Structures are given as structure tokens and as C-alpha cells.
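In what follows, a structure is listed as C-alpha cells, so that the remarks can point back to it.
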Amino acid sequence: MMSNDYHDYVIKDGKLVGKFEEMYQNCDDPWDRAKLSGNSQTDWLLHRACSVIVAESDVCRAIDLGCGIGQSVRAITPIADLVAGIDISKTAIAQASEALPNHTFAVGDLRTFMVGADDCGKIDLDEFNTLILCHLTWYILDDLAEFRAWLAENWAGRYLVHVLAVYAPGVQRHGTDMFTDHAGILHWFACDYLEHGQMTQTVDGRDLELSYFLARVPGGGEIK
């Protein structure tokens, strides 16, 4: 019998499992995003970031990397002018496309996104000014340095929105060689931060700390 606990498919015992297709086939609401819809600090942060972008640039046209079943897309739809989502799971993309038919969704991982391959090729990057990484970064650590270089070459001057759960000292076991807290995340991405901070989301009596930033990717073809 397959597990309906999403932890069994993502990170377990400090190691990346990465069975996201199986997770979406067997777990109705990973990360409780649908359950918390309308009462989620994550959704509030994403909506806020898009509002700031609209105030500064008149429009927010966002691509949600690792969009899952579309909860982040749904959260920013009222404020964003254009939204697309990309996820490695065909099941997740099918569900997102059915639930949000007015948006564009594509199957792909971070690498196919960066080179515009396969289904990701139908998303024209020139139409967008914002990239969203929402609860994704722990799962793409192996490609994160390449992604940072890609940002410098391809996304300079445009916006990056980042939301990620962080953990108390001694709790985190995965990715500790890269960063372990909010300050470390800011140091790693080294962008021009418009705002950043850490907030607490309570889920079923358990506090989850969220690291957040809204930034412009530095120009000049390099990360500072």
C-alpha cells in the first residue's frame, strides 16, 4: 500500500527522495496548501510580493517554478497580470490545468526550464518579469548553483520571489552545507533585496518558520 504521507516522497531521514509524481498520485494535499488556502502566510507573502512589484513596475507577470497543483498561482491571480506554472509532476500539472484553465502550465524540471526544452518551451520568458520559488529550494539544491548563474545571465533586473521553510538548529539535516537559516539564504542568493523577513505559520498546532524575500536579480551578468 502506497503512503499518503508526502514526507515519504520528498525528503526523509535527511536525504532527498524526490518522488514527486508518486506523491501527487497518492497525496491529496501535500504541504496542506489547499487546506490553508485563504489562511496561509505563504499565500499572503506571495500576494504581498506581487503587490509590491505592481506598485514598482505597474505589472506582475509571474512564473511559478514547482507550481504543484496551482495553489501559489491561485494566490496571486487577483493581483498578477499573467501567471504560468511549471512542475516536474504530470499529475500535478493536469490537476492545476483543470482547476485553473485560464493559466498556462507546463511539465518540466529546473533544467528543462533553464534551457527552454520540452513542454517548458511554450512559455515565453520575455513575457514575464517575476520568478517564484515557493517551498521548492530544498528539492533543487543540486542545481541551485547553476540556477544562480542562469539568473545572472537571463533574469538580471527582473524579480525573484522566494519562500522556504527553515528549521531550528539541529533539526535540519538536508542541505546544511549550503544554508541553514534566513540569513544564509540571503547570503547565498546575493540579490538586491527589496524586502525580506521571517514569519511563522501555524499548522495543526505546529509552528513552521518561513524565510521570505523579494529581490531584483543584479544586472551586469553576475551575482554579487
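The values are calculated or read from the model by the stated rules, or taken from the named source; none is laboratory data. From a predicted model like this one, the values you see are computed outputs, not experimental measurements. Cβ placement follows ideal geometry from the backbone for every residue including glycine, while neighbour counts extend to all protein chains displayed. Side chains are part of the model used for accessible areas, which takes the heavy atoms of the whole protein and leaves out ligands, DNA and RNA. Shrake-Rupley method; radii C 1.70, N 1.55, O 1.52, S 1.80 Å.
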Selection within the stretch 1-22 - open to solvent by 60 Å² or more (accessible area, probe 1.4 Å) and either of a type in the set (S, T, N, Q) or not in a loop (DSSP other than H, G, I, E, B) (or both): N4, H7, K12, K15, L16, E22
Just need a number here: residues in the stretch 118-127 that are among the hydrophobic types (A, V, I, L, M, F, W, C) and surrounded by fewer than 20 Cβ atoms within 10 Å (Cβ to Cβ). 2
Is there a residue being out of contact with any His (no Cβ under 6 Å at 6 or more places or on another chain), within 19 Å of A106 (Cα to Cα) and in contact (Cβ under 8 Å) with a residue 40 or more places away in the chain anywhere in the stretch 40-48? no
Restrict the check to the stretch 170-185 and report whether at least one residue is under 16 Å from the mean Cα position of the chain (by Cα), buried (at least 17 other Cβ atoms within 10 Å of the Cβ) and over 18 Å from A62 (Cα atoms). yes
Counting only residues in the stretch 86-117 that are closer than 19 Å to D32 by Cα and of a type outside the set (A, V, I, L, M, F, W, C), the one most open to solvent (accessible area, probe 1.4 Å) is identified as Q95
Residue that is within 24 Å of S211 (Cβ to Cβ) and out of contact with any Leu (no Cβ under 8 Å at 6 or more places or on another chain), where the choices are S97, S40: S40
Considering only residues that are touching a strand residue (DSSP E or B) at 6+ places or on another chain (Cβ under 6 Å) and not aliphatic (A, V, I, L, M), which ones fall in the stretch 78-121? D81, G85, K90, S97, H103, T104, F105, G108, F113, D119, C120
Could you list, in sequence order, all residues of the stretch 197-222 that are open to solvent by 80 Å² or more (accessible area, probe 1.4 Å), modelled with pLDDT of 80 or more and farther than 28 Å from W150 by Cα? D207
If I ask for residues that are at positive phi and of a type in the set (D, E, K, R), which ones from the stretch 165-209 would you list? D204
Of (1) open to solvent by 40 Å² or more (accessible area, probe 1.4 Å); (2) within 17 Å of the chain's Cα centre (by Cα); (3) modelled with pLDDT of 95 or more, E56 fails just (2)
Kindly indicate whether any position in the stretch 155-163 is surrounded by 13 or more Cβ atoms within 10 Å (Cβ to Cβ), of a type outside the set (S, T, Y), within 22 Å of A49 (Cα to Cα) and over 17 Å from the mean Cα position of the chain (by Cα). yes
Lone unmet requirement of (1) more than 16 Å from L131 (Cβ to Cβ); (2) assigned to a strand (DSSP E or B); (3) touching a residue at least 12 places away in the same chain (Cβ under 8 Å) for M178: (2)
Residues satisfying the stated conditions in the stretch 52-64, i.e. among the hydrophobic types (A, V, I, L, M, F, W, C) and farther than 19 Å from H196 by Cβ: V59, I63
